[in-house]
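Next up is a structure, given as structure tokens.
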Amino acid sequence: MIAQSAPVLTIDKVSHRYGDRVAVDQVSIEVQQGSLHGLLGPNGSGKTTLFRVLSTLIPLQEGKVSLCGFQLDTQPRKIQEVIGVVFQHPSLDKKLKVKENLVHQGHLYGLSGAPLNRKVNEVLERFSLSDRAHEPVEQLSGGMKRRVEIAKALLHTPQFLLLDEPATGLDPGSRADMWAYLHELRKEKGMTLFVTTHLMEEADTFDRVAVMNNGKLVADDTPSHLKSSIGGDVVLLISDKPEEISTSIQRQFQIKTQVVGREVRMQLEAGHSWIPKLVEAFPGAIQSASVGKPSLEDVFLKLTGHRLTGEKE
Amino acid sequence: MNTILLPAWTLLVREIVRFYRQRSRVLSSIATPLVFWVFFGFGLNSAIGVQVGSTHVKGLVYLYPGFIVLNLLFASIFSTISIIEDRREGFMQSVLVSPVSPVGIVLGKVLGGTLLAMSQGILFLLIAPFLGIRFSIEGLMLGLWSLFWLSAGLTSLGFYFAWKMNSTQGFHGVMNLFLMPMWLLSGSFFPVDTAPRWMAVAMKINPITYGLEMFRESLHAVPQDFPSLKWILLKSSILIIFAGVFFVASVFGLRKRTTGDLL
């Protein structure tokens, strides 16, 4: 982990309700200065609600949040000045040109005239957008738009960047580009990033990952710690009768199993040695068997009993 | 002040640039009231006739100011209905998380919408000479003054409703059940004097009625019987209060932030 000082963001027992529905339930997270902290969870887990609370879009109902030394409930304006926000749905005006979008954004933060112009040119340069400055946003590709979006959020040199599913709608190439930019920024300016995501591969590269499920925080640790919390290997069987096989395995081998869809999952030491035993025990009933090192997906499954992806709101 | 005026200015400019880049929008919001006016006007030309000051006006000319107001209404709906989408997945998101005062946001948006509505009204006014309407300088000033406050009132009203809605469909409902009747009951189609009592009451509590009355007066008043300053101030203050109330209500709506799930 990166050398740490005091936390730059402290979320303390924050809850948020929409009517009777509890979207965020007593969540506490600390984010260290200069770190890249992820907020991982499926759609509907409450991570977007938490993002909205932090970004000041919706009010803080319960709990305390301190961000860059300011209190969210009493000093939202101060927080707005020092954070940059990147939304999942683009917040660019498609009818405006790239540069026009940036100039408007600058005005919102009280920048104007020559200093604004300098700043705009600087971010255009940094994100290799200079030659696109006068193109309408609606003519740009998805990856390019996301770049403008991030450039826009950085215009007022925020200390803290809040990103909601920044990879949405990007192909793998543009996604890698985006992360390259963000990592560079972090190295250069020591900026802190707090990112919501439902993508494992993405979360795997973060300093820390807070995992949310059904509004609750279920884990908050480094990806390697999270993964090592699952001992041994993950053995996976795919079958048309997962329930049947699962109960038989439990009876025959005294192994803990978990059924997820058509899969039967087990955590075992020396997983490879189990494969022949398991396959032979159920001739013809197992369509495929595999063994692998635990991933964040496995961590999530173990913590919540269901998969991270494939669930829609 | 930098959190009010500069952002308000930038939102106003954005509103106008956007409008200018969406030509089809310009066309459709002017064409509908124009076509309606032509059909209703010619169709009812000899059926409707009223005395305005010392002038007798027939259907086509009588309906003319009302349809300009319909144009203002359409224009203000157009510029405020966009807020609904814009704040869920558009530019407005970043406005809301920036340190801009709610007054700045409403001011920019309402003033932008007002100027757009007013300029469409002015375009419509270019037909006036062909209807035999001769503006005096005072008449023209009064006309523009009325158009401005009518536009400001309607745009503030539109903003207020748009902010409360979480879907454009909802806004269409408000438009059909509230905004259109409000226009119909403003003296646009028939005068207050000849309407049945219960309708006349509704027309009299409708602030648009007074704006339209002032606007109609500006078209026909001859210098000799130009309305008194007192009369103008009275009618204007009703419009200004109307615009002010919804402006302030919009600011409060924005300040409260939404607690509902917008997704």
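Scanning region A:164-174 for residues that are of a type outside the set (Gly, Ala, Ser) and open to solvent by less than 60 Å² (accessible area, probe 1.4 Å), which turns out farthest from the chain's Cα centre (by Cα)?
Out of the qualifying residues, it is A:170.
A further question follows. So, residue B:161, is that one hydrophobic (A, V, I, L, M, F, W, C) and either surrounded by fewer than 21 Cβ atoms within 10 Å (Cβ to Cβ) or touching a His at 6+ places or on another chain (Cβ under 9 Å) (or both) or not?
So residue B:161 fails the test.
Spot the failing condition for residue B:95; the list is (1) surrounded by fewer than 19 Cβ atoms within 10 Å (Cβ to Cβ); (2) in contact (Cβ under 8 Å) with a residue 60 or more places away in the chain, and only one is missed.
Going through (1) surrounded by fewer than 19 Cβ atoms within 10 Å (Cβ to Cβ); (2) in contact (Cβ under 8 Å) with a residue 60 or more places away in the chain one by one, residue B:95 breaks only (1).
When both residues are 6+ apart or on different chains and their Cβ atoms are under 8 Å apart, which pairs have a first residue that lies in region B:104-115 and is hydroxyl-bearing (Ser, Thr, Tyr), and a second that is in a helix (DSSP H, G or I)?
Between residues of region B:104-115 that are hydroxyl-bearing (Ser, Thr, Tyr) and residues that are in a helix (DSSP H, G or I), the close pairs are B:114/B:76; B:114/B:148; B:114/B:151; B:114/B:152; B:114/B:155.
Sticking with this structure for a sec: As an exercise: evaluate residue B:173 against (1) surrounded by 16 or more Cβ atoms within 10 Å (Cβ to Cβ); (2) assigned to a helix (DSSP H, G or I); (3) small (Gly, Ala, Ser); (4) without any contact (Cβ under 8 Å) to a residue 24 or more places away in the chain and give the number of the one condition it does not meet.
(1)
In region B:69-92, how many residues are open to solvent by less than 10 Å² (accessible area, probe 1.4 Å), part of a helix (DSSP H, G or I) and touching a His at 6+ places or on another chain (Cβ under 9 Å)?
So the count comes out to 1.
If you don't mind, there's one more thing I want to ask. Go through region A:224-257 and give me each residue that's among the hydroxyl-bearing types (Ser, Thr, Tyr), open to solvent by less than 50 Å² (accessible area, probe 1.4 Å), under 29 Å from residue A:209 (Cα atoms) and assigned to a helix (DSSP H, G or I).
Residues satisfying the conditions do not exist here.
Just give me the residues in region B:84-99 being among the hydroxyl-bearing types (Ser, Thr, Tyr) and in contact with a Pro (Cβ under 8 Å, 6 or more places away or on another chain), in sequence order.
Result: B:98, single match.
Contact list please: Cβ distance under 7 Å, first residue in region A:252-278 and without any contact (Cβ under 8 Å) to a residue 60 or more places away in the chain, second residue aromatic (Phe, Trp, Tyr) and buried (at least 16 other Cβ atoms within 10 Å of the Cβ), pairs at least six apart or on different chains.
Between residues of region A:252-278 that are without any contact (Cβ under 8 Å) to a residue 60 or more places away in the chain and residues that are aromatic (Phe, Trp, Tyr) and buried (at least 16 other Cβ atoms within 10 Å of the Cβ), the close pairs are A:268/A:274.
If we keep just the residues of region B:128-138 that are more than 19 Å from residue B:67 (Cβ to Cβ) and part of a helix (DSSP H, G or I), which is most open to solvent (accessible area, probe 1.4 Å)?
B:137
May I pose another question? Scan region A:10-49 for residues that are open to solvent by less than 10 Å² (accessible area, probe 1.4 Å), touching a Ser or Thr at 6+ places or on another chain (Cβ under 7 Å) and of a type in the set (S, T, N, Q) and report the count.
1
Can I ask one more? Does residue A:167 satisfy the criteria of being small (Gly, Ala, Ser), touching a Ser or Thr at 6+ places or on another chain (Cβ under 9 Å) and part of a loop (DSSP other than H, G, I, E, B)?
yes
Do you know which residues across region A:70-81 are touching a strand residue (DSSP E or B) at 6+ places or on another chain (Cβ under 8 Å) and away from chain B (no Cβ under 11 Å)?
Those that are touching a strand residue (DSSP E or B) at 6+ places or on another chain (Cβ under 8 Å) and away from chain B (no Cβ under 11 Å): A:71, A:72, A:73.
Suppose we keep only residues that are assigned to a loop (DSSP other than H, G, I, E, B) and either under 21 Å from the mean Cα position of the chain (by Cα) or within 14 Å of chain A (Cβ to nearest Cβ) (or both) within region B:1-57. Which one would you say is surrounded by the fewest Cβ atoms within 10 Å (Cβ to Cβ)?
Here the answer is B:1.
Shifting gears a bit: May I ask you to verify whether residue B:141 is in a helix (DSSP H, G or I) and surrounded by fewer than 21 Cβ atoms within 10 Å (Cβ to Cβ)?
Yes.
For region B:75-90, check the following and say yes or no: at least one residue is under 22 Å from residue B:128 (Cβ atoms) and touching a residue at least 12 places away in the same chain (Cβ under 8 Å).
Yes, some residue in region B:75-90 is under 22 Å from residue B:128 (Cβ atoms) and touching a residue at least 12 places away in the same chain (Cβ under 8 Å).
Listed here are the residues, each with its yes/no results for (1) open to solvent by less than 60 Å² (accessible area, probe 1.4 Å); (2) under 16 Å from residue A:232 (Cβ atoms).
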site	(1), (2)
A:259	yes, no
A:270	yes, yes
A:273	yes, yes
A:280	no, no
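Still on this model: Would you confirm whether any residue within region A:138-152 is away from every other protein chain (no Cβ under 13 Å) and either assigned to a loop (DSSP other than H, G, I, E, B) or farther than 30 Å from residue A:47 by Cβ (or both)?
Yes.
Specify which of the listed residues (A:63, A:84, A:44) is out of contact with any Gly (no Cβ under 8 Å at 6 or more places or on another chain), within 12 Å of another protein chain (Cβ to nearest Cβ), assigned to a strand (DSSP E or B) and farther than 23 Å from residue A:222 by Cβ.
A:84
Give me a count of the residues in region B:26-60 that are touching a Leu at 6+ places or on another chain (Cβ under 8 Å), of a type in the set (A, V, I, L, M) and closer than 19 Å to residue B:184 by Cβ.
3
Also, I was wondering about something else. Restricted to region A:87-114, and to residues that are assigned to a helix (DSSP H, G or I) and either touching a Gly at 6+ places or on another chain (Cβ under 8 Å) or open to solvent by 50 Å² or more (accessible area, probe 1.4 Å) (or both), which residue is farthest from the other protein chains (Cβ to nearest Cβ)?
Only one residue tops the list, namely A:114.
Here is a further query. It is to be established whether one or more residues within region B:215-238 are open to solvent by 30 Å² or more (accessible area, probe 1.4 Å), of a type outside the set (S, T, N, Q), part of a helix (DSSP H, G or I) and within 21 Å of residue B:48 (Cα to Cα).
Scanning region B:215-238, I find at least one residue that is open to solvent by 30 Å² or more (accessible area, probe 1.4 Å), of a type outside the set (S, T, N, Q), part of a helix (DSSP H, G or I) and within 21 Å of residue B:48 (Cα to Cα), so the answer is yes.
For residue B:185, indicate whether it is open to solvent by less than 20 Å² (accessible area, probe 1.4 Å), in contact (Cβ under 8 Å) with a residue 24 or more places away in the chain and part of a helix (DSSP H, G or I).
No: the conditions fail for residue B:185.
Also, I was wondering about something else. In region A:50-60, which residue that is outside any loop (DSSP other than H, G, I, E, B) and touching a Ser or Thr at 6+ places or on another chain (Cβ under 9 Å) is nearest to the other protein chains (Cβ to nearest Cβ)?
A:51
The values are calculated or read from the model by the stated rules, or taken from the named source; none is laboratory data. As the structure is a prediction and not an experimental result, all values here were calculated from the model. Because the Cβ atoms are built from the backbone with ideal geometry, glycine has one as well, and the counts that use them run over all protein chains shown. Surface accessibility is based on the protein's heavy atoms, side chains included, excluding ligands, DNA and RNA. Shrake-Rupley method; radii C 1.70, N 1.55, O 1.52, S 1.80 Å.
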